[in-house]
Amino acid sequence: MAKLLYAFSCSIDGFLAGPGGDMSWLTPHLHPDPEVDALIPRIGALLVGRRTYDGDDPHRGGPGEGQAFGGGWEGPQFVLTHRAAAPAPGVTFAADLASAVSAAKAAAGEKYVNVLGAEVARQCLEAGVLDEVLALPVPVFLGDGVRMFDRPGGGPIELERLRPNWYRVIR
């Protein structure tokens, strides 16, 4: 059965994107990464938040613009949204988390469902369906923007370290 993995790059101070969802901060840091390269073939589907789906692209202006992992991955995407969206090949829009997770896991088979987007990752954690977290820190401080995990008033969520930067969510 597929597992849900929240794999993300973030600034050292914990931001996925700069103010307004700006991803240009990440562009100079995009380079081959053995950990990411090893992960990509293990991903069977993406579960994407709408803000991320519609958002800025660190590959803008390059050959991988508009493609997952800069064109390094292809497969089914499931976008969690409450707003109408234009149909797109390989993309399924879902209005609720449970149906989006179920469909993404079915599509992923034995591979990972990679969660993209801070809000959908938070929802997955709170629903108890997120299995693992891979944090890939980038050597920059952004100071403001979209936090990798924002849960005001929330309590701690325990993680078990599996290997450097990779954790299992303890339920």
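The values are calculated or read from the model by the stated rules, or taken from the named source; none is laboratory data. Just so we're clear, the structure is a prediction, and the values are computed from it rather than from any experiment. Heads up, the Cβs are rebuilt from the backbone with ideal geometry, glycines too, and the neighbour counts pull from every protein chain shown.
Before moving on, here are some points about what is shown:
- Whichever residue in region 154-171 is charged (D, E, K, R) and part of a loop (DSSP other than H, G, I, E, B) and, among such residues, is nearest to C10 (Cα to Cα): E158
Conditions (1) crowded, with 16+ Cβ neighbours inside 10 Å; (2) over 27 Å from R171 (Cβ atoms); (3) at pLDDT 95 or above; (4) of a type outside the set (D, E), marked per residue:
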residue	(1), (2), (3), (4)
D33	no, yes, no, no
P41	no, yes, yes, yes
R50	yes, no, no, yes
R60	no, yes, no, yes
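- Flag if P28 is of a type outside the set (K, R), under 22 Å from R147 (Cα atoms) and not in a helix (DSSP H, G or I): no
- E126 vs. criteria part of a loop (DSSP other than H, G, I, E, B) and modelled with pLDDT under 95: no
- Within region 65-88, the set of residues being part of a strand (DSSP E or B) and either of a type in the set (V, I, T) or touching a residue at least 40 places away in the same chain (Cβ under 8 Å) (or both) comprises V79, L80.
- Every residue from region 89-119 that is assigned to a loop (DSSP other than H, G, I, E, B) and within 15 Å of A45 (Cα to Cα): P89, G90, G109, E110, K111, G117
- Hey, R51 on the phi < 0 side of the Ramachandran plot, part of a helix (DSSP H, G or I) and basic (K, R) or not: yes
- For G49, the stated conditions do not hold, so it cannot be described as touching a Gly at 6+ places or on another chain (Cβ under 7 Å), small (G, A, S) and farther than 20 Å from T92 by Cβ.
- Of the residues making up region 85-103, one or more are of a type in the set (S, T, Y) and surrounded by fewer than 16 Cβ atoms within 10 Å (Cβ to Cβ).
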